[in-house]
Amino acid sequence: MAMVDIINKKRLGKVLSKEELKEAFVGYFQGEIPDYQMSSLLMAICLRGMTDQETLDLTDIFIQSGEILDLSMVNGVTVDKHSTGGVGDKTTLIVASIVASLGLKVPKMSGRGLGHTGGTIDKLESIPGFRVDLTQEEFIQQLNTVGVAIISQTAHLAPLDKKVYALRDVTGTVESIPLIASSIMSKKIASGASKIVLDIKVGKGALLKTQEEALEISRLMKKIGHYYQREVDTMITYMDIPLGTSIGNALEILEVMRILSNEENNYLVALSKALAAKMVQLGLNISIHDASLRVEESLKSGRAYDKFMEMIKAQGGDISGLRVSSRTQDILSTKSGHVVDMDAYRFGKLSLDLGGGRRTKEDHIDPKVGIVLKKKIGDDVQVGDVLCTLYLQDDAPFIQEDLTSYYTFTENQETKNTDLEEVV
Ligand code: URA
């Protein structure tokens, strides 16, 4: 069928066969279908949706465009984790260390940050010497010896998704439940782990804005996982405010070290423990109660911290070389009140402006910059209190903007509920 007929069929809300999807998407991969026709089809999919069968077919087409990592040489149960991403999201580093310290294998391929969200790989690269590009043999060997390896997503896994995602990013076609589900699941299936926990983020700082959308994508991703004989579990969690207290690459590594040393107790810690417990429950086939006890024990005993350090060393990192900027600026509040909201998106953008992120793939990141939040939701603030501390580039001017507007205050003590809420 001609591409224009495939586009028209979807525009009219009809169901595309796998052959038709292949003609369009494989044709695009091979350069036979131009960007403008693929954009049009993607928009029709966004507006008309896809059936579960179409979503499964598209996932398969993405997977077949590249390699499927063979983890059969890894001794033990492999458990992967994926978060739909956010501001200050360093859960991967925390949960991977905990879960690997409990005997499971965590083969993690992560991405770099783009836009206002940070990437796990950029955070790890703030550690001098840390290698994110292990060969497949090194990756598998480290999984067998250390139990965890975190590397950059290779270009060989689901390369068609990569090409389509880049187009979606600039054509307003990211926010489609079947497209997001097939994009994420194709990479997870191709990465080879037998069990997968998905952290589905909902809220202002996330791709999915409502709980209904999150529930729908959770159902769909579990169905895709089931089709490929992978066990998938999901958690739906908030992404309205930055996670934890630090935003910025080296600062976030320091925060992970504090959390693994039991020096913090906040939503990020609770979220990380809950995700780790889900992975342990799935991986060891035990109750969530027992899994949670093991997670607590791993943290308290320092085993999770030791595992994090072991991974850094195995991948060539020298933690003693980690540096944050010495040029800091305290931001003082120009208002008083009770903090009820914070704008995760604006904080993410600020970190980007300070040099901590990239606007294009080629941009250079300064790992030493970022933001440490001193006031968060639930805190009382007086005029003149420090809201946050900025870590600036060595020669950067101080920020003149009044960052008080990033916070919402009320006079009463009503605090928005950001407690960890598991709904699936
Ligand atoms: N992350 C992905 O990898 N793909 C999407 O479509 C959305 C988020």
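The values are calculated or read from the model by the stated rules, or taken from the named source; none is laboratory data. No experiment lies behind these values; they were computed from the predicted model shown. Neighbour counts run over all protein chains shown; Cβ positions are idealised from the backbone, glycine included. Side chains are part of the model used for accessible areas, which takes the heavy atoms of the whole protein and leaves out ligands, DNA and RNA. Shrake-Rupley method; radii C 1.70, N 1.55, O 1.52, S 1.80 Å.
Table for the structure above
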| quantity | calculated |
| --- | --- |
| Residue check, LYS123 of a type in the set (D, E, K, R), within 16 Å of the ligand (Cβ to nearest atom) and out of contact with any Phe, Trp or Tyr (no Cβ under 6 Å at 6 or more places or on another chain) | no |
| For ASP199: the one exception among (1) part of a helix (DSSP H, G or I); (2) acidic (Asp, Glu); (3) within 16 Å of the ligand (Cβ to nearest atom) | (1) |
| Members of segment 136-150 found to be modelled with pLDDT under 95 and either among the β-branched types (Val, Ile, Thr) or under 14 Å from GLY317 (Cβ atoms) (or both), listed by number | none |
| Residue check, GLN229 modelled with pLDDT under 95, polar (S, T, N, Q) and away from the ligand (no atom under 16 Å from the Cβ) | no |
| Options TYR305, TYR227; residue that is of a type in the set (Phe, Trp, Tyr) and farther than 30 Å from SER126 by Cα | TYR227 |
| Test: GLY118 is surrounded by 17 or more Cβ atoms within 10 Å (Cβ to Cβ), in contact (Cβ under 8 Å) with a residue 60 or more places away in the chain and within 16 Å of the ligand (Cβ to nearest atom) | yes |
| Residues satisfying the stated conditions in segment 209-248, i.e. of a type in the set (A, V, I, L, M, F, W, C) and assigned to a loop (DSSP other than H, G, I, E, B) | MET239, ILE241, LEU243 |
| Tabulated pairs, segment 261-280, first over 15 Å from ALA100 (Cβ atoms), second open to solvent by 20 Å² or more (accessible area, probe 1.4 Å) and in a helix (DSSP H, G or I), C-beta under 6 angstrom, 6+ apart or interchain | SER261/TYR305; GLU264/ARG258 |
| In segment 170-185, the residues that are near the ligand (Cβ under 9 Å from one of its atoms) and part of a helix (DSSP H, G or I) | LEU179, ILE180, ALA181, SER182, SER183, ILE184 |
| Selected residue (criterion: nearest to the chain's Cα centre (by Cα)) from residues of segment 183-212 that are within 12 Å of GLY225 (Cβ to Cβ) and open to solvent by less than 10 Å² (accessible area, probe 1.4 Å) | LEU198 |
| Checklist (1) at pLDDT 95 or above; (2) within 16 Å of the ligand (Cβ to nearest atom) applied to LEU102, failing item | (2) |
| Residue selected from segment 261-317 under the condition among the hydroxyl-bearing types (Ser, Thr, Tyr) and in a loop (DSSP other than H, G, I, E, B), by the criterion farthest from LYS375 (Cα to Cα) | SER287 |
| Cβ-Cβ under 6 Å pairs, at least 6 apart or on other chains, segment 354-365 side part of a helix (DSSP H, G or I), far side β-branched (Val, Ile, Thr) | LEU354/VAL369; GLY355/VAL369; GLY356/VAL369 |
| Selected residue (criterion: farthest from the chain's Cα centre (by Cα)) from residues of segment 77-99 that are more than 16 Å from the ligand (Cβ to nearest atom) and of a type in the set (S, T, N, Q) | THR78 |
| Residue in segment 149-169 that is surrounded by the most Cβ atoms within 10 Å (Cβ to Cβ), counting only those that are closer than 21 Å to GLY113 by Cβ and more than 12 Å from the ligand (Cβ to nearest atom) | ALA149 |
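Residues are listed down the side, and each one gets a yes or a no for (1) among the basic types (Lys, Arg); (2) within 29 Å of ARG131 (Cα to Cα); (3) outside the structural domain of TYR406 (by TED's automatic domain parsing):
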residue	(1), (2), (3)
LEU293	no, no, yes
TYR305	no, yes, yes
PHE308	no, yes, yes
ALA314	no, yes, yes
ILE331	no, no, no
